[in-house]
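Asker: First the structure, then my questions, so here it is.
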Amino acid sequence: MPTDGGFATGSTVVRRDVFRGRVWTATPFRVVSDNGDLLALTVWPGALRLAPTHQAALSSPRREEVVRDIALPNLANGKWELTAWTWRTNTKLTLAQPGDYFSVDLFFGNGGEPVMSYVNFQRPLQRTPIGIDTFDLLLDLVIEPDGACRWKDQGEYEHARRLGIVTDDDHRHVRDAREQVLTLFAQRTGPFDEQWRSWCREPDWQQPVLPDDATTLPAGEWERERSD
């Protein structure tokens with residue numbers, strides 16, 4: 001639960017992707033810090049989350065087909081079911097600033113070494129009684145440990161635009177956010193501050209757990225307005 005100063009360090013928050021008033025994903029995180037200017041959250045292997053039933057296939061050689069023929073059409077048509085899915089990859093640290101159309105995910109290996117970073121373009125975070133709501137706009141920027149960058153999932157992004165999932169307004173914001181990200185990264189400021197590369201999780205933290213109302217709690221005002 002949020003306090004007057006934000007989410008308490010070590011507390012559980014739920015990050016949800018919400019589309020037209022329905023939950024698309026729900027993932028429990030622990031709060032690393034929340035100072036009003038930057039929200040830092042973490043999730044690590046073993047956490048149980050909710051995701052569409054096609055989630056497992058996204059790690060298979062059929063990913064492109066599944067996204068094109070199943071995931072995006074189902075999303076556009078409002079036809080999906082959620083299933084439990086265990087986070088199995090690296091420890092993830094998510095950094096987000098209020099109002100931004102992106103967040104930064106830093107991935108760390110078992111020894112705490114940086115593996116890579118993802119810039120996830122998304123609608124701005126909206127706080128809820130259990131955490132934060134947003135919506136993943138599909139486009140990503142991958143940043144390798146040596147600083148090399150490459151754009152990812154541009155084809156999925158364009159397909160989502162054709163299906164009306166990514167609106168013209170979203171697209172304008174993403175276009176501006178791309179420039180913002182490249183500037184911040186070049187300056188190593190905000191979520192790209194070098195201090196985060198040496199971050200490590202508190203060893204005594206227990207796995208965060210989704211609350212019973214993770215999918216039934218109504219979406220934030222911004223998403224309800226979109227679904228009307």
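The values are calculated or read from the model by the stated rules, or taken from the named source; none is laboratory data. This one's a predicted model, so the numbers in the text were calculated from it and none came from an experiment. Here the Cβ positions follow ideal geometry from the backbone for every residue, glycine too, while neighbour counts run over all protein chains shown. The protein model used for the area step is the full one, side chains on, heavy atoms only, and it has no ligands, DNA or RNA in it. Shrake-Rupley method; radii C 1.70, N 1.55, O 1.52, S 1.80 Å.
Asker: Would you be able to tell me the number of residues in the stretch 100-120 that are within 17 Å of the chain's Cα centre (by Cα) and either closer than 25 Å to residue 163 by Cα or open to solvent by 60 Å² or more (accessible area, probe 1.4 Å) (or both)? Write out each step before concluding.
Answerer: Residues of the stretch 100-120 that are within 17 Å of the chain's Cα centre (by Cα), as a first pass: 100-108, 116-120.
Applying the additional criterion that residues be either closer than 25 Å to residue 163 by Cα or open to solvent by 60 Å² or more (accessible area, probe 1.4 Å) (or both) yields 100-103, 118-120.
Of the residues in the stretch 100-120, 7 are within 17 Å of the chain's Cα centre (by Cα) and either closer than 25 Å to residue 163 by Cα or open to solvent by 60 Å² or more (accessible area, probe 1.4 Å) (or both).
Asker: Spot the failing condition for residue 193; the list is (1) within 24 Å of residue 52 (Cβ to Cβ); (2) among the acidic types (Asp, Glu); (3) open to solvent by 10 Å² or more (accessible area, probe 1.4 Å), and only one is missed.
Answerer: The one condition residue 193 does not meet is (1).
Asker: What do you reckon, is residue 210 part of a loop (DSSP other than H, G, I, E, B), of a type outside the set (Ser, Thr, Tyr) and in contact with a Leu (Cβ under 9 Å, 6 or more places away or on another chain)?
Answerer: Spelling it out, residue 210 is indeed part of a loop (DSSP other than H, G, I, E, B), of a type outside the set (Ser, Thr, Tyr) and in contact with a Leu (Cβ under 9 Å, 6 or more places away or on another chain).
Asker: Within the stretch 133-150, restricting attention to residues that are without any contact (Cβ under 8 Å) to a residue 24 or more places away in the chain and over 10 Å from residue 121 (Cβ atoms), which residue is surrounded by the fewest Cβ atoms within 10 Å (Cβ to Cβ)?
Answerer: 146
Asker: Have a look at 180, 126, 187 and point out the one that is under 16 Å from the mean Cα position of the chain (by Cα), open to solvent by 50 Å² or more (accessible area, probe 1.4 Å) and over 25 Å from residue 89 (Cβ atoms).
Answerer: Sole residue among the options that is under 16 Å from the mean Cα position of the chain (by Cα), open to solvent by 50 Å² or more (accessible area, probe 1.4 Å) and over 25 Å from residue 89 (Cβ atoms): 126.
Asker: Here's another thing I want to ask about it. Which of the numbered conditions does residue 127 fail, given that it passes all the others? Conditions: (1) under 21 Å from residue 26 (Cα atoms); (2) in a helix (DSSP H, G or I).
Answerer: (2)
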